[in-house]
1. So in region 485-536, with the set limited to residues that are of a type in the set (Phe, Trp, Tyr) and closer than 24 Å to residue 445 by Cα, which one is surrounded by the most Cβ atoms within 10 Å (Cβ to Cβ)?
2. In region 140-191, what residues are at pLDDT below 85, surrounded by 19 or more Cβ atoms within 10 Å (Cβ to Cβ) and among the polar types (S, T, N, Q)?
3. Mind listing whichever residues of region 244-269 are exposed (fewer than 12 other Cβ atoms within 10 Å of the Cβ) and modelled with pLDDT under 85?
4. Could you list, in sequence order, the residues of region 496-546 that are in contact (Cβ under 8 Å) with a residue 40 or more places away in the chain, in a helix (DSSP H, G or I) and touching a Phe, Trp or Tyr at 6+ places or on another chain (Cβ under 7 Å)?
5. In this structure, is residue 128 surrounded by 24 or more Cβ atoms within 10 Å (Cβ to Cβ), touching a helix residue (DSSP H, G or I) at 6+ places or on another chain (Cβ under 6 Å) and modelled with pLDDT of 90 or more?
6. In the list 513, 490, 478, which residue meets the criterion of being out of contact with any strand residue (DSSP E or B) (no Cβ under 6 Å at 6 or more places or on another chain) and at pLDDT 90 or above?
7. Does region 429-452 hold any residues that are among the charged types (D, E, K, R) and either at pLDDT 95 or above or within 15 Å of residue 515 (Cα to Cα) (or both), and which are they?
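The values are calculated or read from the model by the stated rules, or taken from the named source; none is laboratory data. As the structure is a computational prediction, the values presented were derived from the model and not from experiment. Backbone-built Cβ (ideal geometry, glycine too); neighbour counts: all protein chains shown.
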Amino acid sequence: MAKPSSPATQSSASTTPAATEANWKVRLFLGIVCFLAGASVMVIEISANRLLAPAFGNSVYTWTALIGVILVAFSAGGFLGGWLADRRLALDLLGWLLAGAAVLTFFIPSIHGAFAGSLGAQGLVAGPVAMALLLFAVPGVLLGAISPAAVRFYSLTQKDTHVGAAAGMISMLGSLGSFVGTFLSGFYLLSTFGVRHIFTGTAALLMVLAVLAFLLAKNTWKQMMPILLAGGIAGTLSALDHDTLPDDVLHQEESFYHRIRVSEDGTAPFRRRVLELDSTQEGGINPDTAADFLDPKKRAAMQPGASALILDYQHFWRIAQFNDSLKISSALFIGAGAFGMPEEVSREYPEASVDVAEIDPRVIEIGRRFFFLDEHPKVNAQAIDARRFLLRSAPDKKWDLVFGDAYNGIRQIPSHLASQEFFQLIADHLSEDGVFVMNAITAIEGPRAELLGGMLKTLRAVFPNVEVFAVGGGGMRSQPQNVILVATKSDWRPYFKTGRFSPGTVSYRVASSYVSPQYLPGSDVIFTDDHNPVDAIIARGLALRN
């Protein structure tokens, strides 16, 4: 029985002008397919991180899982594509590969929504690997099969006389497509469209390429109908499927860095408005109290110590007030949270300049819309990484208070903001009597305290005095909780005695949270830019069972 042939194989036996034109069209199509398939792979891979981040965090483990799974899938696809091309010399082979990848890509957001909850409980390593396998293994294999099959077809248009040139051309176009897809995703798509729309658009592009492949292979519309129906059904279901937001969510959007969600519960005057980045609660305020602060009459009638802050750890910026000789004329907050802390500092110290280094510009816009940022003109929020801000935007400035509260996932402190070099940069920008306060989520003792031990060892390599406060935890020091690290150039321990404060005040509660040094864990590891196991330590802590 003769093997089916494509226009490429038919024309390879002839050198007529019509055959030459057919070869040219096939080669052009193969180049376009490989270019766009390479671009699609990178768009899917980079967008997938934003899809997985709400469940697993935007950490090195999420990226490792995605890259590893797609590379393995692409390798398997390379073998599959070569094997299939040797057995079916027809361009509709590419159509089937493209159509299969398109249909599966349409369903990626829906499948993620169905399994994110159950797989999200599997930890920072097993969870993203399992999710990446579920979502991207098969589409990756199908897209990986396109390049070797295209090499075979491209070579046939030249009677297999230039196999090396055919392989080089297809490889070059696929790599260029990957480059374009990477830049397009990072610099445009993720900041312009929602993740669901990106997957839907990519799937639609692959489906169009599949139809073109079938047409070039001289398939009839009747032959193509099952593929068209499958693509249409998948696209329709994908368009109809969308996240149903809980009733308490005021706003949700996807930014380049996070899934941003603003939620609110309670009734006036006791409402709680919270900012969530991915799956992590980043801060909150009582909007009723915050609004009252803006009314001079209502503010004058407030009880002493009134605050719009609703999370316990947010009150620990007040440690800066424990030193009576420190006059706060400047403050820097690393990570905006819900802007509650910088706004409170600005209210209590109207002449102070308050800077906020927040890497995500959309978080700043959310602060303006939902957290009263525009009502505090002395709070200067900049969309910039904290280290870049210290090095480039304010190389000579010093602050009396620096509060570190930057996270990029579940308990995930960015490693470059938890190194000896970064802490030295903080020390260089701290006034002589100033204080560096940092929020970390860790245990005080036990196996989950490994992060705290490393942070203390690293901070003490820079600052001569480092103290610890435990926030919440219900006295369970072996369980993760907000732990406040306080680093100073002089000894502040005398300021933390509870006898200096009236019981029931915020200052008394803060001072009561002090952890004596004999209860703190030790470590032999100093985190540096060269060797920083923060991600691994956090993953080990999350993997531990109660």
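1. Keep residues of region 485-536 that are of a type in the set (Phe, Trp, Tyr), which gives 492, 495-496, 501, 508, 514, 519, 527.
Next cut, closer than 24 Å to residue 445 by Cα only: 492, 496, 508, 514, 519, 527.
Details: 492: 20, 496: 18, 508: 15, 514: 18, 519: 12, 527: 27.
Once the filter is applied, the top-ranked residue is 527.
2. 155, 157
3. 244, 246, 247
4. Correct list: 496, 507, 510, 511, 534, 535, 539.
5. On the way: surrounded by 24 or more Cβ atoms within 10 Å (Cβ to Cβ): yes; touching a helix residue (DSSP H, G or I) at 6+ places or on another chain (Cβ under 6 Å): yes; modelled with pLDDT of 90 or more: no.
For residue 128, the condition - surrounded by 24 or more Cβ atoms within 10 Å (Cβ to Cβ), touching a helix residue (DSSP H, G or I) at 6+ places or on another chain (Cβ under 6 Å) and modelled with pLDDT of 90 or more - is not met.
6. Working: 513 fails: out of contact with any strand residue (DSSP E or B) (no Cβ under 6 Å at 6 or more places or on another chain); 478 fails: at pLDDT 90 or above.
490 is the lone residue from the list that is out of contact with any strand residue (DSSP E or B) (no Cβ under 6 Å at 6 or more places or on another chain) and at pLDDT 90 or above.
7. Applying the first criterion (among the charged types (D, E, K, R)) to region 429-452 yields 432-433, 445, 448, 450.
Selection gives 445 alone.
Results for (1) outside any loop (DSSP other than H, G, I, E, B); (2) free of Cβ contacts under 8 Å to residues at least 12 places away in the same chain; (3) not aromatic (Phe, Trp, Tyr), shown as yes or no for each residue.
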{"site": "395", "(1), (2), (3)": "no, yes, yes"}
{"site": "400", "(1), (2), (3)": "yes, no, yes"}
{"site": "413", "(1), (2), (3)": "no, no, yes"}
{"site": "421", "(1), (2), (3)": "yes, no, yes"}
{"site": "424", "(1), (2), (3)": "yes, no, yes"}
{"site": "432", "(1), (2), (3)": "yes, no, yes"}
{"site": "435", "(1), (2), (3)": "yes, no, yes"}
{"site": "438", "(1), (2), (3)": "yes, no, yes"}
